[in-house]
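Data first, discussion second: the structure below is written as C-alpha cells.
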Amino acid sequence: MASLHFCSECNNLLYPKAEQQRRTMVYACRICPSVDETVDNGLVYRNDLLNVTKEQAGVTTDLGQDPTLAHTNITCPNCGHEDAVFYQDQSKRKETRMILFYVCTRCNHNFQDKLGSEGQTIEGNQT
C-alpha cells in the first residue's frame, strides 16, 4: 500500500520522481529542492502480459440443451454419461492454443478433456 511522504524542509507533499542518472525512484518536493532517497518499493509500474492462471469455461447456463452445438461421445467425469456438447475457447489472446470445453448433456458439468488439452487427438464420434 502506498503511503504519503512529506518534505522535511517545508512539510509539503513529496511526489515520486525518476532519478535518470541512477535509474531509481525518489520522492521530490515541488516547492523546494528537497529530495527523499528512502523509497519503500522501487516498483513504479507493473504490466503483466499474458497473466493467465488457468483457462476456464465461461459461465453460461443450459449449454447442454443448446441444439446448435455439436455433440460428441465423451465420458463426463462427474456423472459418467457419454454425451456432451463442446465449444472452443473464445479468448482474444494471440498466443493461445485451441481449447475445447465440454458440457455434459445430463448434469451440465463443464470439463476439459485432458488428452485433448495436451495436443493429442480425442477419440469419439461426432454427430
> Using modelled amide H (1.01 Å from N, peptide plane; none on Pro or chain starts), what sits under 5 Å from the amide H of Phe6, excluding residues fewer than 5 places away?
Replying inline: Leu14
> How far, in nm, would the chain grow between Cys107 and Phe6 when pulled straight, counting 0.36 nm per residue and subtracting the alpha carbon separation?
Replying inline: 30.3 nm
>> Test of understanding: ordering Met25, Met98 by Cβ neighbours within 10 Å, fewest first, what list do you get?
In response: Met98, Met25
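Every number in this text was worked out from the coordinates using simple rules, so none of it is lab data. In this text, all values refer to a predicted model and were calculated from it rather than measured experimentally. Backbone-built Cβ (ideal geometry, glycine too); neighbour counts: all protein chains shown.
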